[in-house]
Every structure is written in structure tokens, then in C-alpha cells.
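A.B. asks: One structure is given below, represented as C-alpha cells, and several questions about it will come after.
Every number here is computed from the coordinates shown, using simple stated rules; none is lab data. A quick note: this is a predicted structure, and the numbers were derived from the prediction, not measured. All Cβ positions, even for glycine, are placed from backbone atoms using ideal geometry, and neighbour counts span all protein chains on display.
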Amino acid sequence: MSDALVIARGVRKGYGSGERRVEVLRNLDLEVARGEMLAVAGPSGVGKSTLLHLLGLLDRPDGGELLLFGSDVAALSVEERARWRNRRIGFVFQFHALLPEFTLEENVAMPLLIAGQPRRSALAAAAEQIAAVGLEHRRTHFPDELSGGEQQRGSVARALVAAPELLLADEPTGNLDAANAEALFETFEELHLSRGLTSVIVTHNEALAGRCGRTLRLTGADVEVGCSRT
Ligand SMILES: Nc1ncnc2c1ncn2[C@@H]1O[C@H](COP(=O)(O)OP(=O)(O)OP(=O)(O)O)[C@@H](O)[C@H]1O
Ligand SMILES: [Mg+2]
């Protein structure tokens, strides 16, 4: 028996029905070990966000088996799914990440507030995480007062604030300049070393993908898990 943090066996996922039916993931087999940093690459529309949504319990597979943290996700109750999303999984969305009516610090504190942590300590933890992504000077700003890259870093801070075991990030450096992209990857790498974070990171940036232990290349027809480095 494998102790991988993520195990997918023959996972299938498509959208729509009849003539409009699109099969996206056909027969995906994947294991992600605890502490691993996996990059996901592939052309636009191939199913990278779809895969992340399944792993983040935001959607359900049509078939196959998906195990997270050693449990079959099909057997989880609605409450357990919600709790895992809140406490064990950090998700960086590809688009539209932050809630417009809350400040950056409130947005970042949100997972802790939802988990019932007192406001004062939740905001203190948020401030620390905001500093870690270099945004301390924008703490009390609202999302529409932030640049695209600042919003993206804010979204990363929110994904990390509850110290998740699994980080799922959908092109987290898509709006960042090279120096900020580099700094963000360094933050991820530190978390892998310091507390054994496991992460799955969609990226079109080959140089950054090369810093992950492995790259999953989705091709649409079949799936190829290649080893870069290590
Ligand atoms: N909710 C949905 N309903 C119908 N089709 C969808 C839905 N979400 C995604 N699709 C389709 O599934 C395919 C895969 O989409 P997905 O968002 O996973 O691609 P991606 O690899 O993340 O692409 P990109 O690099 O452009 O972000 C696309 O062809 C898309 O049109
Ligand atoms: Mg996508």
C-alpha cells in the first residue's frame, strides 16, 4: 500500500452532455508523494485546472478512484470535504481570487476566520503571511486597489495562511515578473523543506517547472509523467 498523499487511478472527467460533451481527463493515473513538488504543464484547454479542481475537492471525478491523505474522497461527507478544503488544502485560483468587499488582510485571514479562530489572532497570522509574499505595504488595501500580480501574491498568502498539507496552485506566477516569480518559488521551496509541504503547481514557465522534482505533462490523449532534475 502506497502512502502517497495523492493517488489517482483511472480518473476520468468531462463536461456537458450529448453533442456538447467534452472528455477532458480520460484515464489519469498519478501519485504525489508527501513532500513532493509536482509541476503540471500542457497546452491551454488540456485539463490542468480541471485536474486541480478535482484534487482540491472543488469538483468530482466522473469515474476512477481518487485518494487524498489516504482516504477515498468519494466516501467523504459534505462536512469533511469542506473541512479539508478549509484546513488541509490551500488553493491558488487561476483567476478572480480575492473577495472584492474585504481588505487584503481580511481576505488572507478568511480561512482562519472560517475555521473559528478569533479575529485578532487570525489577522496577526494574515499579516505575517502577507509579509512573507512581500505585500506588507498593501495590507489594508482592497483587491481592486492592487495590481494583478499583487492580487496573485495575496491569493498565495491566503492559500498558505492555515499551514495546509497540500498546496494546489493554478499558474501562481502568471501575472508576475521574473524576480517576483522566483521569490514565490523560493517561498514554496522553503515550505517544502521546513514543514514537508506537498504541492501541485500548474505553470507554463519551464524554468520554474524545472525546479519542481517532477513534471506531469498533460497531452490530451495520454499522460506523461516525466522526471526533470533529481
Ligand atoms: N465548467 C465547464 N463546462 C464545460 N466545459 C468546461 C468547463 N470547465 C472546463 N471546460 C472545458 O474543459 C477543457 C479543459 O479546461 P481546463 O480549464 O481544465 O484547461 P486548462 O488546461 O486549465 O487550460 P488553460 O491553460 O487555458 O488554463 C477545456 O476545453 C474547457 O473548455
Ligand atoms: Mg487553467
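A.B. asks: Assuming R0 = 30 Å, what is the FRET efficiency of A115 and R12, from their Cβ-Cβ distance, to the nearest 0.05?
C.D. replies: 0.35
A.B. asks: Run the helix sum for the chain: -39,500 (n - 2.57) per DSSP H stretch of 4+ residues, divided by residue count, reported at 222 nm to the nearest 500 deg cm²/dmol.
C.D. replies: Calculated mean residue ellipticity at 222 nm is -10500 deg cm²/dmol.
A.B. asks: Work out from phi, with θ = phi - 60° and the Karplus expression 6.51 cos²θ - 1.76 cosθ + 1.60, the ³J(HN,Hα) of each residue of segment 214-220, listed in order in whole Hz, and give x for Gly and Pro.
C.D. replies: Per-residue couplings from phi come out as 8, 10, 8, 9, 7, 10, x Hz.
A.B. asks: Can I ask one more? Considering the dipole of the chain built from charges on the beta carbon (Lys and Arg +1, Asp and Glu -1) around the Cα centre, which of S155, A97, L25 is farthest to its positive end?
C.D. replies: It is L25.
A.B. asks: Ranked from highest to lowest mean number of other Cβ atoms within 10 Å per residue, what is the order of the peptides 72-80, 97-105, 117-125, 32-40?
C.D. replies: 32-40, 97-105, 117-125, 72-80
A.B. asks: Given a cut-off of under 8 Å on Cα pairs at least six residues apart, what relative contact order in percent is computed for the chain?
C.D. replies: After rounding, I find 27 percent.
A.B. asks: Now for a separate question. Which value, in debye to the nearest 20, gives the size of the charge dipole of the chain about its Cα centre, when Lys and Arg are +1 and Asp and Glu are -1 at the Cβ?
C.D. replies: Roughly 420 debye for the chain.
A.B. asks: Using the alpha carbons of the chain, what is the convex hull volume per residue in cubic angstrom, as a whole number?
C.D. replies: 135
A.B. asks: Using mean Cβ contacts within 10 Å as the protection proxy, how do 198-205, 81-88, 139-146 order, highest first?
C.D. replies: Answer by packing, highest mean first, reads 198-205, 81-88, 139-146.
A.B. asks: Does anything in segment 124-147 have its amide N under 17 Å from the 7 Å Cα→Cβ label point of E189, and if so which residues?
C.D. replies: 133
A.B. asks: From the backbone phi of segment 112-121, what are the Karplus-calculated ³J(HN,Hα) couplings (6.51 cos²θ - 1.76 cosθ + 1.60, θ = phi - 60°) in whole Hz, Gly and Pro given as x?
C.D. replies: Values, residue by residue: 6, 5, 5, 6, x, 6, x, 3, 4, 6 Hz.
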